[in-house]
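The values are calculated or read from the model by the stated rules, or taken from the named source; none is laboratory data. Small disclaimer: the values here were computed from a predicted structure and weren't measured. Positions of Cβ are generated from backbone atoms using ideal geometry, with glycine treated the same way; all protein chains shown enter the neighbour counts.
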Amino acid sequence: MPFRNFKIIYRRYAGLYFCICVDVNDNNLAYLEAIHNFVEVLNEYFHNVCELDLVFNFYKVYTVVDEMFLAGEIRETSQTKVLKQLLMLQSLE
Amino acid sequence: MPAVSKGDGMRGLAVFISDIRNCKSKEAEIKRINKELANIRSKFKGDKALDGYSKKKYVCKLLFIFLLGHDIDFGHMEAVNLLSSNKYTEKQIGYLFISVLVNSNSELIRLINNAIKNDLASRNPTFMCLALHCIANVGSREMGEAFAADIPRILVAGDSMDSVKQSAALCLLRLYKASPDLVPMGEWTARVVHLLNDQHMGVVTAAVSLITCLCKKNPDDFKTCISLAVSRLSRIVSSASTDLQDYTYYFVPAPWLSVKLLRLLQCYPPPEDAAVKGRLVECLETVLNKAQEPPKSKKVQHSNAKNAILFETISLIIHYDSEPNLLVRACNQLGQFLQHRETNLRYLALESMCTLASSEFSHEAVKTHIDTVINALKTERDVSVRQRAADLLYAMCDRSNAKQIVSEMLRYLETADYAIREEIVLKVAILAEKYAVDYSWYVDTILNLIRIAGDYVSEEVWYRVLQIVTNRDDVQGYAAKTVFEALQAPACHENMVKVGGYILGEFGNLIAGDPRSSPPVQFSLLHSKFHLCSVATRALLLSTYIKFINLFPETKATIQGVLRAGSQLRNADVELQQRAVEYLTLSSVASTDVLATVLEEMPPFPERESSILAKLKRKKGPGAGSALDDGRRDASSNDINGGVEPTPSTVSTPSPSADLLGLRAAPPPAAPPAPASAGNLLVDVFDGPAAQPSLGATPEEAFLSELEPPAPESPMALLADPAPAADPGPEDIGPPIPEADELLNKFVCKNNGVLFENQLLQIGVKSEFRQNLGRMYLFYGNKTSVQFQNFSPTVVHPGDLQTQLAVQTKRVAAQVDGGAQVQQVLNIECLRDFLTPPLLSVRFRYGGAPQSLTLKLPVTINKFFQPTEMAAQDFFQRWKQLSLPQQEAQKIFKANHPMDAEVTKAKLLGFGSALLDNVDPNPENFVGAGIIQTKALQVGCLLRLEPNAQAQMYRLTLRTSKEPVSRHLCELLAQQF
């Protein structure tokens, strides 16, 4: 957990680092788990997510982020709800 | 349930991304991108109207190129067109492009806002969410103006879908944070609070964030949220692990929502309503109880989520600081974590305990963990955890355990990381002073500090010890005896010499009775250090000498001899010269009485706030450590020096001998106005005239300028000697070849390369440096087909270099076959700072003819740089501390190479300093910091390079604690650009 003017909370998954920048007095563990929650959603959504999925579908990753985090806050934490919404969006053309 | 397979979506995009990924080099990638950009441009400009799909595809490609780090200056209009599409995927890409590449073109903004308006009114929740996300991600003022009034309506409308409410709440939060004036308060605010009761946990999650932010600004308007939050929290906390279904995360019910609710409650004091308060206390107890239960899962996710709630609960308990029972329970819980195998938990436990230590209810409970914390300081592998342990020790220190804690910290200091040494030094100094029962312990502690970490003992610290010794009769004799002993160490830090010089000058008479420390012995001990010291210290020592003349008339002749010596009377430094001249005259013309009056013992310093404490406060970032310092507010009131009102300045001391000597000839230089605020500091530090002798005037600095009067410009400067003659060249080898300097310059910023080449011989260098040590491999290649004979490369130290740099060389074979290469290893140790590089002399016989060649070995002082990262605040503080004119060296010069920021950066890094971003207000400028590591001392260096592209000039400023180093580094570096 290294610091700057804010602090950066990160978690490593294989070769990928997921970082989140929060205020110094924010709850470390809560955000650490928020990262994991996010990664689990990605994993479900892309079915065994790998780096390539994220690169080729970068625009979809943005949608996932927007569903779960907005305006710098946690928006939705229920994996079921997020995935349901994502599948709904997926079906739209 | 695989939702996405790789093939779907846009084929052209996938092909493009694969192409980029297959590029072998940066150039190939740029080529491919330029090709694509040209293609997209022509498509967008073409006559054929593009269908939605192609438009989406190209906009998406542009986005990808942008994300790779290239500039995109077109495509905005096409993206805006996509916004009005009816297809979700097209609209989504349009919004994404707009959010990522925010554009301030007003015409575009009008179109974008129009599209957003339509989507917000569309009653299609998907489109509404897209529009809200876009506003939330951009959050510009224009968008605030356009939508701040609509969003609250959407948020509280009865028919809004849950997902829309979630997005609206956070969207409003973003606008409120960006421009609070635009968000109208109104009847919606009451309804927002009731969102805490919403059925949908996601809505609650989003709404809590909004409410937390709003109630920080208007606590009274949102007071009703307390009871709602408590009841919501209580329902979550008491629910079984499966009750909340979707919102249960690894058997923990709604961890993030719980954390957010607990944070919301931290905006308010404990609830006044007894029932609400009772319910809340029950909640908090439940959380603490749950922490004791066996985990429901072995997964780290489970324990993390659970502990996230626990730590937030403890924060709330600390915030209330009114429930002794809960505080002690919290402390015990954290105590268990101190030995947990998870590093994260140990870190967090130490951090939370620091705040617990400042509560009167839990201070004692925290103290029971002292052994564990000391152990953490000794054994933790992670430096950040050790730092927290040190913080906690500082926070838990009181009279009962001060000796133990201070001695542990001193022990830690010997191995502590450089980055935190200064802070530890300050902490030890403060604790030692605050809890000193007997002053001999205090003096011992500070002298130990100087011994162990002399470089990190700032002026404030050693000024403070002098202040205290001067003010306390009972410790003066002991102090004199102790410094006298400390000075007998063969290598002692310059700060020790300063303290020793001052104390012996004042109180040396107290130990003069002992023949082992008779006046001549004292004098010769001090004088043995004289030549190794910086100008400032030597000036101080000269003052000590004149005091000796007064204290011990028997030393007068010897000291006058020293003062009279050419090296003093004609010293190049004005200050030293002036002191020598004046003291010599004073000692010969003044009568003993006059001498005794002028050189009377220093009067006690007026009591005031410890300048060290002020410094530690400044060092700590806002928020990070304030609890530490404020926490002990009550404890210090009747301690030695604490608690006394700070007086404006010591300059007002009523005695004529107020300054160290009372004989400064020139009036003190008028101090420039003190920097009024931190904001001004920036301007002050960088834009102040370089020649300004001191930035003094705040109480701290006034003290500083009193002890060390900055050299006043006096006419005597005219008498100063010209610079000392150049180093005599060594006799046994020839002078360096004419290009030697140029060759040397090539290696200032790099360590490897070809040092020299002619038709016969090539010399390659490979070197690495760490701290004050270096190893260099020299490769001698015979370019001819004939054997070299009597091949002998040697390293020579001209002049004083022998004492400054030790170079060990290995012999190499005397024959070098044609076409062969031999390697020579050099071990280098930097003993002191040095100015001239060693010479490398290579001699051999080629075809019977003797060849000889002398080069400069590419070892320059900057090789022993250790980069130092520091925050802007620390940088300015240090910069300011090095404000004496002789500490600064500046050069303005023309650029010899094209002015490329990246190249400059690489050079500065190669030079060895750390590059500090976001320090200089002007982003064009470069700011760096580092420490030169030598065996005898460390020299902190700060540098700043200001390129002026128009004039093709640079201005380079170096500040270090040693004058020659500043000048030398400045010269070395200036030749690189």
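Number of residues in region B:883-905 that are without any contact (Cβ under 8 Å) to a residue 24 or more places away in the chain and under 25 Å from residue B:964 (Cα atoms): the value is 1.
In the set B:430, B:468, B:452, B:424, which member is within 28 Å of residue B:869 (Cβ to Cβ) and touching a residue at least 60 places away in the same chain (Cβ under 8 Å)?
Numbers: B:468 fails: within 28 Å of residue B:869 (Cβ to Cβ); B:452 fails: touching a residue at least 60 places away in the same chain (Cβ under 8 Å); B:424 fails: touching a residue at least 60 places away in the same chain (Cβ under 8 Å).
None of the other options fit; the residue is B:430.
Among the residues of region B:248-266, which ones are out of contact with any Leu (no Cβ under 7 Å at 6 or more places or on another chain) and more than 15 Å from residue A:27 (Cβ to Cβ)? The answer is B:248, B:250, B:251.
Have a look at B:306, B:260, B:277 and point out the one that is within 14 Å of another protein chain (Cβ to nearest Cβ), in contact with a Pro (Cβ under 8 Å, 6 or more places away or on another chain), of a type outside the set (Ser, Thr, Tyr) and not in a loop (DSSP other than H, G, I, E, B). Before the answer, list the steps.
Details: B:260 fails: in contact with a Pro (Cβ under 8 Å, 6 or more places away or on another chain); B:277 fails: within 14 Å of another protein chain (Cβ to nearest Cβ).
Of the residues listed, the single one that is within 14 Å of another protein chain (Cβ to nearest Cβ), in contact with a Pro (Cβ under 8 Å, 6 or more places away or on another chain), of a type outside the set (Ser, Thr, Tyr) and not in a loop (DSSP other than H, G, I, E, B) is B:306.
When the residues of region A:82-93 are filtered to those that are out of contact with any Ser or Thr (no Cβ under 8 Å at 6 or more places or on another chain) and facing another protein chain (nearest Cβ under 7 Å), the one that is nearest to residue B:245 (Cα to Cα) is A:87. Scan region A:20-29 for residues that are aliphatic (A, V, I, L, M) and either more than 8 Å from chain B (Cβ to nearest Cβ) or more than 18 Å from residue B:252 (Cα to Cα) (or both) and jot them down. Passing the criteria: A:20, A:22, A:24. Within region B:77-128, the set of residues being within 12 Å of another protein chain (Cβ to nearest Cβ), out of contact with any Leu (no Cβ under 9 Å at 6 or more places or on another chain) and of a type in the set (S, T, N, Q) comprises B:85, B:86, B:99, B:124.
Would you mind finding the one in B:855, B:840 that is in contact with a helix residue (DSSP H, G or I) (Cβ under 8 Å, 6 or more places away or on another chain), within 30 Å of residue B:785 (Cβ to Cβ), part of a strand (DSSP E or B) and not polar (S, T, N, Q)? Write out each step before concluding.
Details: B:840 fails: in contact with a helix residue (DSSP H, G or I) (Cβ under 8 Å, 6 or more places away or on another chain).
Exactly one residue qualifies, and that residue is B:855.
If you go through region B:309-354 and keep only what is within 12 Å of chain A (Cβ to nearest Cβ) and outside any helix (DSSP H, G or I), you end up with just B:342. Among (1) surrounded by fewer than 17 Cβ atoms within 10 Å (Cβ to Cβ); (2) in contact with a Gly (Cβ under 7 Å, 6 or more places away or on another chain); (3) over 30 Å from residue B:355 (Cβ atoms), where does residue A:92 come up short? Only one criterion is unmet by residue A:92, namely (2). Checked against the criterion of being more than 25 Å from residue A:89 (Cα to Cα) and aromatic (Phe, Trp, Tyr), the candidates B:127, B:97, B:44, B:64 yield just one match: B:44.
Answer with yes or no whether residue B:57 is of a type in the set (D, E, K, R), within 14 Å of chain A (Cβ to nearest Cβ) and in contact with an Asp or Glu (Cβ under 9 Å, 6 or more places away or on another chain). Considered against the rule, which asks whether it is of a type in the set (D, E, K, R), within 14 Å of chain A (Cβ to nearest Cβ) and in contact with an Asp or Glu (Cβ under 9 Å, 6 or more places away or on another chain), residue B:57 comes out as no. If you check residue B:260 against the conditions, is it among the charged types (D, E, K, R) and buried (at least 24 other Cβ atoms within 10 Å of the Cβ)? Taking the combined requirement at face value, the residue satisfies it. Can you find a residue in region B:602-612 that is closer than 30 Å to residue B:557 by Cα and modelled with pLDDT under 75? Yes.
Of the residues making up region B:858-904, those that are of a type in the set (Ser, Thr, Tyr) and within 24 Å of the chain's Cα centre (by Cα) are B:868, B:883, B:904. With the requirement that a residue be among the basic types (Lys, Arg) and part of a strand (DSSP E or B), what does region B:921-972 give you? Residues satisfying the conditions are B:944, B:955, B:959. Residues in region B:375-401 that are part of a loop (DSSP other than H, G, I, E, B) and in contact with a Ser or Thr (Cβ under 7 Å, 6 or more places away or on another chain): B:382 only.
Figure legend. Inter-residue proximity from region B:129-156: first residues within 12 Å of chain A (Cβ to nearest Cβ), second residues not small (Gly, Ala, Ser) and not in a helix (DSSP H, G or I), beta-carbon distance below 8 Å, spacing 6+ or different chains. Indicated pairs: B:133/A:70; B:136/A:70; B:137/A:70; B:138/B:102.
Here is a yes/no grid of residues against (1) within 8 Å of chain B (Cβ to nearest Cβ); (2) among the charged types (D, E, K, R); (3) under 26 Å from residue B:62 (Cβ atoms); (4) buried (at least 19 other Cβ atoms within 10 Å of the Cβ):
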position	(1), (2), (3), (4)
A:10	no, no, no, no
A:67	no, yes, yes, yes
A:70	yes, no, yes, yes
A:80	yes, no, no, no
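Count of region B:199-252 residues, restricted to those that are within 11 Å of chain A (Cβ to nearest Cβ) and in contact (Cβ under 8 Å) with a residue 12 or more places away in the chain, is 19. Where helices (runs of 4 or more DSSP H) fall entirely within chain A, those with at least 1 residues that are within 27 Å of residue B:342 (Cβ to Cβ) are at A:28-46, A:58-68, A:79-91. Within region B:202-219, if we keep just the residues that are hydrophobic (A, V, I, L, M, F, W, C) and more than 18 Å from residue B:129 (Cα to Cα), the residue that is surrounded by the fewest Cβ atoms within 10 Å (Cβ to Cβ) turns out to be B:213.
Quick one: in region B:774-814, of everything that is assigned to a loop (DSSP other than H, G, I, E, B) and among the hydrophobic types (A, V, I, L, M, F, W, C), which residue is nearest to residue B:754 (Cα to Cα)?
The selected residue is B:812.
Among the residues of region A:30-65, those that are facing another protein chain (nearest Cβ under 9 Å) and touching a strand residue (DSSP E or B) at 6+ places or on another chain (Cβ under 9 Å) comprise A:30, A:31, A:32, A:33, A:34, A:36, A:37.
I'd like to verify a number: residues in region B:165-198 that are more than 9 Å from chain A (Cβ to nearest Cβ) and assigned to a helix (DSSP H, G or I), how many?
17
Here's the yes/no breakdown for (1) surrounded by fewer than 13 Cβ atoms within 10 Å (Cβ to Cβ); (2) over 46 Å from the mean Cα position of the chain (by Cα); (3) at pLDDT below 90:
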position: B:4; (1), (2), (3): no, no, yes
position: B:10; (1), (2), (3): no, yes, yes
position: B:20; (1), (2), (3): no, no, no
position: B:29; (1), (2), (3): no, no, no
position: B:33; (1), (2), (3): no, no, no
position: B:38; (1), (2), (3): yes, no, no
position: B:68; (1), (2), (3): yes, no, no
position: B:71; (1), (2), (3): yes, no, yes
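Of everything in region A:11-45, what is farther than 20 Å from residue B:303 by Cβ and either hydroxyl-bearing (Ser, Thr, Tyr) or under 13 Å from the mean Cα position of the chain (by Cα) (or both)? Give them in sequence order. Residues satisfying the conditions are A:16, A:17, A:19, A:21, A:41, A:42, A:43, A:44, A:45.
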